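All of the numbers you see were taken from the coordinates with simple rules; none came from a lab. Remember, predicted model here, so these are calculated numbers, not experimental data. Here the Cβ positions follow ideal geometry from the backbone for every residue, glycine too, while neighbour counts run over all protein chains shown.
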Amino acid sequence: MAEVKKQISTNWYKKFDQIDGSHPLKSVIPEGYIDYPARIRKGGKVSYFNFSLAKEMGLIPKSHADELTMELKEKILSTFSIQIINEYDQMNNKKFPKDEIKAGTYMATRYLQLQHDDKKGRTSGDGRSIWNGQIKHNHKTWDISSCGTGATRLSPATSKYNKFFETGDPTISYGCGYAEFDEGLATAILSHIFNANQQSTEQTLAIIEFKNNISINVRVHENLLRPSHIFLYLKQDRLEELKSLLDYYIERQREKEDWSDCPSSQKKYDYLGDKIASTFGALSADLEDEYIFCWLDWDGDNILMDGGIIDYGSIRQFGLFHSEYRYDDVERYSTNILEQKNKAKYIVQTFAQAIDFIKTGEKKNINEFANSESVNLFDEKFEQKKNENILRRIGLSQRKRKQVLKRKPELIEEFRKVFSYFERAKSESGVVEISDGVTWDAIFSMRTLLREYPQIYLNTETFLDDTEFIDLIKSSYATQNDLEINSYRKSKIYEFQKLYLEIIKETARTFQQTQEDILLDVCQRSQVINKAERITGDAVTYIVDLLIQQKKSLSVEKLYHLIEDLGGHQNLDPDKKIQFHQKVPKGILRKIIDVVRENREGL
C-alpha cells in the first residue's frame with residue numbers, strides 16, 4: 001500500500017520533469033541567447049509556493065491540498081534550485097560532481113537595455129536570470145524563468161568592466177548574479193494583487209531561500225517576450241531574425257481567444273500592430289488611473305509584449321497621484337508616471353517601423369512613423385480608456401458606462417478635466433528627495449472623494465461648501481497653504497460637483513431609474529473600487545519587513561494563504577465574490593491590513 005501511495009504522489013508531479021531548459025525559442029533565434037549548463041544549488045529551502053498557480057499550470061493536480069509535501073518540496077528544489085556554470089567557472093576550470101550537473105542547458109536571452117552603453121543589444125539581456133522552460137496545460141502555454149541563478153555575460157557589470165564575474169562576487173552588486181529574498185517576496189505580493197485585479201503581469205510560482213537574504217525567484221507568464229527582444233533585431237537591421245521572432249510571437253498568441261481572428265496572411269503583421277497599439281494605449285491609461293509606476297522607456301525592457309508588468313524591483317503603486325516621483329537608478333533617474341504614456345507611444349511607433357521593415361524590406365527612419373495609423377490608434381484607445389476609467393472609478397457598472405459614454409462623451413471629458421485639476425494638485429514644498437529617488441507630494445485624495453461624496457450627497461441633497469469639500473479630499477501631505485481656497489479653486493469645486501451630478505442624472509435618465517437608486521448603487525460599488533485600505537509600494541516594503549520578522553512562525557502554506565487573503569482584501573471588482581481563508585482578519589493578516597491603512601496615501 002505504501003508503495004502504491006508513493007507511486008501516485010510521484011506521478012502527481014511528473015509535469016515538473018518537462019521543465020528542463022528546453023524552449024522552442026532556441027530554434028527560432030539561435031543567436032538570440034547564451035546557453036548555459038547548470039548544476040544543482042544546495043542549501044536552499046522552499047519559502048513560498050503558489051499552489052493555485054501551480055494547479056492552473058498543471059504542475060500539481062486540482063485536488064492537491066495546499067500543502068508542501070516532502071515529494072513536492074524535493075521536486076521544486078530539484079527543478080528550480082540551480083545555478084548556471086558561467087564563463088568565470090569555465091575559464092577557471094571549476095569542477096562539480098557529475099550527479100549535480102543538470103542534463104539540460106538554460107538560456108539567458110538577449111534584449112535591449114537602456115543601462116548598457118551599447119544601444120543595439122549586443123551586450124545586454126538576462127543578467128541574472130535564465131529561462132527554465134515551457135509547459136502546456138489546458139490550452140495554455142506557460143514560459144518559466146528564474147531570477148538569481150547566476151551571473152551571465154549579459155549583465156551590466158560584464159559590459160561595463162569587460163570581464164566575467166564569479167556568481168556571488170561580493171565586490172559587485174548589480175552583476176553578481178544573485179537575487180534577494182525580500183525582493184522576491186515583494187514581487188510575489190504585488191504581482192498577485194495585480195493579477196487578481198486583471199492586470200497582466202508575470203506571477204511568482206516559487207521562492208527558494210538561501211542564507212543572507214539570497215534567493216531564487218521563479219516567475220511565469222503565458223509569454224515572456226518583451227518588446228526589447230524584438231527591438232534588438234530592428235536596431236541591428238537583422239530582418240530575417242526580426243521576422244522570425246515576430247512570426248513566433250504571433251503564432252504563440254493565436255492560442256488565445258482574443259487572437260482567434262488573426263489572419264494567416266501578411267496581414268497578420270498589421271493585426272499585430274493594431275494589437276500592440278490598442279494594448280499599450282489602454283495600458284497607459286490604466287497605469288495613470290491606477291497610479292502604477294512602471295518605468296516604461298524606449299527600449300521596451302520593463303514590460304512584456306502583451307503589456308504585462310515585470311521586474312518589480314522598481315514597480316510601485318501610489319496612494320495619491322504622485323506624478324513627479326522618479327526612481328534613482330544611480331546613474332540616471334526614471335521616467336515619471338505621466339511620461340509613461342509617451343514612452344508607450346514610442347514603443348508603438350517602433351513596432352510600426354519594425355512591421356514596415358518586414359513588409360517592404362527597407363528600414364525607414366523612426367520619425368516617419370510618428371503619425372502612423374498605429375500611433376493614432378494608440379491615442380484613440382488611450383482617450384477611450386481614460387473615459388471608461390473615470391466612469392468606473394465613479395462606480396458605474398460596465399453596462400452603464402457604455403451607454404453614458406455613447407450618449408454624453410463631451411460631459412465625461414469635461415468631468416475628466418476638473419477631476420484632473422484636483423488629482424494633479426501638488427504641494428508648494430516642491431520636489432523633495434526620498435530614499436529611492438525624488439518626488440513632489442500630491443495633496444488631494446481623489447479615491448476618498450469618489451468613495452465618500454455620493455453618500456454625503458444622498459444624505460444632504462446639496463453641494464458641499466468650499467471648506468467642506470477641501471476638508472474631505474485633503475491628504476496628510478497637504479499644508480495649510482496648500483489648502484488655500486482662491487477664486488479659481490472655488491470655481492473648480494463647484495464645477496466638479498455640478499458635472500458629477502450631471503453624470504448621475506444622465507445615468508438615471510438613460511436607465512429609467514431614480515437619481516437616488518443610481519447614487520445608492522454608486523455608493524456600494526465605489527466603496528470597493530476606491531477602498532480606503534489600498535496597497536502602496538511603501539506598504540509592500542513594510543509588509544515584507546513584517547513577514548521576515550515573523551518568518552520562523554510562517555510555514556509555506558501559511559505564507560501562501562496570507563498572500564491569497566491579502567489579494568482578496570485588495571479586490572477592486574464590486575461584482576466579484578471573494579473567498580477568504582480567514583473570514584475575519586486576525587494575527588499577522590490583521591497587522592498587514594493595518595500597515596496598508598497607515599501607508600494608503602504613500603508611494
Fewest-first ranking of Leu559, Leu411, using other Cβ atoms within 10 Å as the exposure measure: Leu411, Leu559
Partner aspartates and glutamates for Lys490 [C-alpha distance under 16 Å; skip if fewer than 8 residues away on the same chain]: Glu423, Asp465, Asp466, Glu468, Asp471, Asp482
Separation in nanometres of the label points that stand 7 Å from Cα toward Cβ, at Asn376 and Ser491: 3.5 nm
Residue order, fewest to most surrounding Cβ atoms within 10 angstrom, among Val438, Val348: Val438, Val348
The chain - Kirkwood radius from inverse mean 1/r over Cα pairs (Å): 25.9 Å
Net charge dipole size for region 395-529 [Lys, Arg +1 and Asp, Glu -1 on Cβ; Debye, nearest 20]: 880 debye
Residue order, fewest to most beta carbons within 10 Å, for Asp289, Asp441: Asp289, Asp441
Residue pairs, from the table Lys120/Lys140; Lys243/Lys386; Lys26/Lys95; Lys364/Lys426; Lys26/Lys140; Lys120/Lys345, whose Cα atoms sit over 31 Å apart: Lys120/Lys140; Lys243/Lys386; Lys364/Lys426
The chain - charge dipole about Cα centre, Lys and Arg +1 at Cβ, Asp and Glu -1, debye rounded to 20: 1440 debye
For region 199-272 versus region 112-152, the gap between their alpha-carbon centres in whole angstrom: 10 Å
Selection from Leu377, Leu520, Leu68, by position along the positive dipole direction of the chain (Cβ): Leu68
Note, ³J(HN,Hα) from phi for region 488-493, Karplus 6.51, -1.76, 1.60, rounded to Hz, x at Gly and Pro: 5, 5, 4, 5, 6, 4
Neighbour-limited loop hits for GluC sites (Glu not before Pro), region 404-471 (at most 16 other Cβ within 10 Å; DSSP other than H, G, I, E, B): Glu428, Glu461
Angle in degrees between helix 587-598 and the longest Cα principal axis of the chain, rounded to the nearest 10: 50 degrees
Evaluated over region 537-598, the Cα radius of gyration and Dmax, each in Å: 11.8, 37
Whole-Å distance, taken between Cα centres, linking region 433-455 and region 515-584: 19 Å
Those lysines that a straight Cα-Cα span of less than 17 Å connects to Lys211, excepting residues fewer than 8 apart in one chain: Lys42, Lys45, Lys551, Lys552
Estimated [θ] at 222 nm from DSSP helical runs (n ≥ 4, -39500 (n - 2.57)) normalised by residues in the chain, nearest 500: -14500 deg cm²/dmol
Residues whose placed amide H lies under 5 Å from that of Arg316, excluding near-sequence neighbours: Phe293
Flagged links, alpha-carbon separation over 32 Å, of Lys385/Lys576; Lys62/Lys94; Lys505/Lys577; Lys136/Lys160; Lys492/Lys576; Lys75/Lys275: Lys62/Lys94; Lys136/Lys160; Lys492/Lys576; Lys75/Lys275
Cα gyration tensor, region 228-309 - rounded (a/c under 1.5), prolate or oblate: oblate
0 to 90° range, to nearest 10: angle between helix 239-253 axis and the chain longest Cα axis: 70 degrees
